[in-house]
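Undergrad: I'd like to ask you about the structure that follows.
The values are calculated or read from the model by the stated rules, or taken from the named source; none is laboratory data. Keep in mind that what you see is a predicted model, and the values were worked out from it rather than measured. Note that each Cβ is placed from the backbone with ideal geometry, even for glycine, and that neighbours are counted across all protein chains shown.
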Amino acid sequence: MAEVLLQVHNGGKSFGARSLFAGASFAANVGEHIGVIGPNGAGKSTLFRCLVGLDHLDSGDVIQSSSLRLGYLAQEDDFVPEETVEDYLGKNSLTPIWELKSLGKKLGLSEKHFSSVLTELSGGYRMRCKLLALIGQQPNLLLLDEPTNYLDLESLFVLESFLQDFKGAFLLISHDREFLRRTTDHILEIEGGEFTKFNGNIDDYFEQKALIREQLEKQALSQESKRSEILKFAAKFGAKATKARQVQSRLKQLDRMESIELSPLQVKAKIQIPPPVHTGKVVLEAIDLQLGYGDQPVLSDVQLSIGRQDHIGIVGINGAGKSTLLKGFAQKLPPQSGQAKLGYNVDVGYYAQHVAEELNAEDTVYEAMMRKAHSDVLPQEVKDLAGSLLFSGEDINKKVAVLSGGEKARVSLGQILLKKSPLLILDEPTNHLDFHTVEALTQALHFYPGSLVVVSHDRGFIKRIATKIIEIRDGHASLYPGTYDEYVWSQQKGVMGLVGTERSQDAPSTGESSAESSKVNTKERRKELDRQIKSQEKRCLEINREIKSLEAKTLELNEKLMTESGDQAQRLAKELGDIQGRNTQLEEEWFELQDTIESAKTEIESLRGGKDPSIS
């Protein structure tokens with residue numbers, strides 16, 4: 001049996017009248033890599049603070065093994081102004097600095113970084129320094145609170161590789177499904193005031209949750225059937241003296257039944273984004289564009305053209321200018337020189353975290369969304385979208401004034417999606433959304449017939465919606481005319497050389513002749529899988545084109561339907577129904593193909609004996 005390093009027994013924690021969890025228990029064992037998930041506000045970060053002694057449980061116990069060596073990576077930085085990396089490491093580590101410098105190379109830290117002031121480094125390099133300090137404490141259990149937030153691509157690779165190779169245990173809070181998939185082997189769910197631990201990664205967790213839900217639904221249905229039978233029996237024979245004892249016995253049985261509570265159904269919510277207005281072929285053109293603040297340029301000589309239906313993801317290190325470019329495209333930041341020229345009939349839908357500050361505090365959620373919606377959007381469409389963005393039931397009637405920051409951000413996102421803008425510019429749109437809503441938004445944006453320009457630290461999100469990539473590096477923006485996977489492939493080769501050095505040196509040298517003999521079969525299998533992937537990716541592109549064609553046809557028929565009646569209207573309605581059916585078939589085929597492609601890529605990864613560079 002595995003040694004328990006840390007456990008919570010009957011833990012309870014409240015803030016005022018609000019209980020986060022009560023009577024909750026779990027254990028972290030030696031070597032377990034545990035992802036911690038749950039809705040915003042469920043108590044994940046609070047739990048971590050209680051585990052490290054920065055807060056305390058109201059009830060229950062935190063029990064630590066005598067062998068526990070705990071390391072904590074908080075969301076907030078604890079740096080002293082003007083403190084260098086070397087000073088910080090010397091203060092927060094048990095390991096000699098010369099040894100830390102050697103370890104730091106595997107995290108991409110060079111000699112110049114150790115003499116740098118910490119607060120002047122990017123978020124990605126700050127995280128690496130904090131991680132190195134933790135390694136220097138020689139922990140056997142790490143607590144990592146949202147370590148991927150706002151990291152650049154290279155830093156994500158470094159962190160991911162480190163956690164995959166870490167021999168100790170860790171608890172990791174993250175909303176990044178891709179990251180959890182690739183780094184964890186257990187999931188701790190915090191929901192409804194309880195802790196539940198699942199074996200397997202995040203995909204296994206969702207499969208197990210679906211099975212549990214299915215079983216509970218069957219039990220609830222069976223219970224309801226029994227309840228109905230008892231009530232019918234009592235109604236039929238309640239007045240008969242000969243049946244009185246039987247009736248009383250069955251009613252007591254009814255009282256003893258424990259009602260099976262089903263949590264709100266967490267199926268794939270479907271977000272319906274109203275189709276955009278018609279535009280020309282070019283929706284935005286950047287000509288000699290220079291953007292910056294004051295006299296200081298951030299980006300120079302930007303020459304880009306965004307076409308109708310282009311879906312573009314923007315990548316670059318923190319501070320490179322991703323949000324600055326979005327502001328320029330959205331006409332929110334005047335150019336220092338050049339221009340960002342919008343095309344014919346193009347109205348921008350711009351979303352960023354700060355736009356929530358522009359909401360009217362006296363509006364309800366519904367009123368705020370309806371206020372920004374296009375004139376063609378129906379009230380029910382607004383309510384449906386609000387529900388998909390986690391405003392269910394009476395939440396839609398809440399005043400903006402009482403909403404949390406995350407709730408306000410979701411209202412603002414809803415406003416943008418309802419504008420029918422042909423160009424959506426979205427800066428970190430998945431923040432404040434749970435897994436299910438991110439999945440729904442991803443699917444909606446993937447099939448969106450307008451143009452998208454998106455910045456997101458969620459790699460899975462960018463992977464599935466972007467058909468082109470803009471890379472920002474050294475003050476310049478370059479268009480990469482390929483998918484995110486293709487872009488990552490070219491970038492990851494260099495990073496993997498950096499973080500995979502030790503693994504290469506430790507590779508076994510025995511059995512070379514037998515390995516040689518299997519190379520031919522392995523190579524042939526890889527070729528076969530490559531052909532399969534190319535064929536299926538080609539089919540995915542065909543499906544995308546057909547879906548966009550069907551969406552255009554739907555727009556055309558809807559316009560005709562508004563002016564027709566009688567038999568002609570019925571014919572148009574039938575044609576619309578047929579198109580919707582075909583659209584559903586194509587979407588299902590697309591997702592099945594994506595699953596098959598991912599499986600093939602995973603097999604190629606195992607045949608290579610290393611990571612699959614196409615999955616970032």
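Undergrad: Applying the selection to the range 157-191, what residues are in a helix (DSSP H, G or I) and among the β-branched types (V, I, T)?
TA: Taking the range 157-191 as the starting set, the residues that turn out to be in a helix (DSSP H, G or I) are 157-165, 177-183.
Result: V158, T183.
Undergrad: Considering the range 282-319 alone, what residues qualify as being of a type in the set (D, E, K, R) and either outside any loop (DSSP other than H, G, I, E, B) or not assigned by TED's automatic domain parsing to the domain that holds D474 (or both)?
TA: E285, D288, D301
Undergrad: Return the residue satisfying two criteria in turn: it lies in the range 111-166 and is of a type in the set (S, T, Y) and within 23 Å of W489 (Cα to Cα), and of such residues it is modelled with the highest pLDDT.
TA: Only one residue fits best here, namely S161.
Undergrad: Another one. Residues of the range 46-70 being crowded, with 16+ Cβ neighbours inside 10 Å and closer than 17 Å to G12 by Cβ, which ones?
TA: T46, L47, F48, R49, C50, L51, L57, G60, V62
Undergrad: Given the condition assigned to a loop (DSSP other than H, G, I, E, B) and of a type outside the set (K, R), answer yes or no: does some residue in the range 96-106 qualify?
TA: The answer is yes; a qualifying residue exists.
Undergrad: Just checking, how many residues over the range 553-570 are surrounded by 13 or more Cβ atoms within 10 Å (Cβ to Cβ), modelled with pLDDT of 75 or more and not basic (K, R)? Please lay out each step first, then the result.
TA: Keep residues of the range 553-570 that are surrounded by 13 or more Cβ atoms within 10 Å (Cβ to Cβ), which gives 553-555, 557-558, 560-561, 564, 569.
Narrowing further to those that are modelled with pLDDT of 75 or more: 553-555, 557, 560.
Adding the requirement that they be not basic (K, R) leaves 554-555, 557.
Summing the residues that are surrounded by 13 or more Cβ atoms within 10 Å (Cβ to Cβ), modelled with pLDDT of 75 or more and not basic (K, R) in the range 553-570 gives 3.
Undergrad: Something else now. Can we say L433 is farther than 22 Å from K538 by Cα, crowded, with 21+ Cβ neighbours inside 10 Å, over 21 Å from the mean Cα position of the chain (by Cα) and not polar (S, T, N, Q)?
TA: no
Undergrad: For the range 117-127, enumerate the residues that are crowded, with 17+ Cβ neighbours inside 10 Å and more than 14 Å from N149 (Cβ to Cβ).
TA: L118, L121, Y125
Undergrad: Hey, another quick one. Kindly check whether there is at least one residue in the range 376-392 that is small (G, A, S) and without any contact (Cβ under 8 Å) to a residue 12 or more places away in the chain. Please lay out each step first, then the result.
TA: To start, the set of residues in the range 376-392 that are small (G, A, S) comprises 386-388, 392.
Then keep just the ones that are without any contact (Cβ under 8 Å) to a residue 12 or more places away in the chain; that gives none.
No, the range 376-392 contains no residue that is small (G, A, S) and without any contact (Cβ under 8 Å) to a residue 12 or more places away in the chain.
Undergrad: Do we find that I543 is under 28 Å from the mean Cα position of the chain (by Cα), modelled with pLDDT of 75 or more and more than 27 Å from R182 (Cα to Cα) in this structure? Quick ask: steps written out before the conclusion?
TA: Working: under 28 Å from the mean Cα position of the chain (by Cα): yes; modelled with pLDDT of 75 or more: yes; more than 27 Å from R182 (Cα to Cα): yes.
Yes, satisfied.
Undergrad: Among residues belonging to the range 378-410 that are at pLDDT 90 or above and not in a helix (DSSP H, G or I), point out the one that is surrounded by the most Cβ atoms within 10 Å (Cβ to Cβ).
TA: Restricting to residues being at pLDDT 90 or above and not in a helix (DSSP H, G or I), the top hit is K398.
Undergrad: Sort out which residues of the range 181-200 are within 30 Å of S59 (Cα to Cα) and out of contact with any His (no Cβ under 8 Å at 6 or more places or on another chain), and write them in order of number.
TA: First pass over the range 181-200, keeping only residues within 30 Å of S59 (Cα to Cα): 184-200.
Residues satisfying the conditions are I187, L188, E189, I190, E191, G192, G193, E194, F195, T196.
Undergrad: Let me ask another. Does G338 qualify as being assigned to a strand (DSSP E or B), among the small types (G, A, S) and in contact (Cβ under 8 Å) with a residue 12 or more places away in the chain?
TA: Taking the combined requirement at face value, the residue satisfies it.
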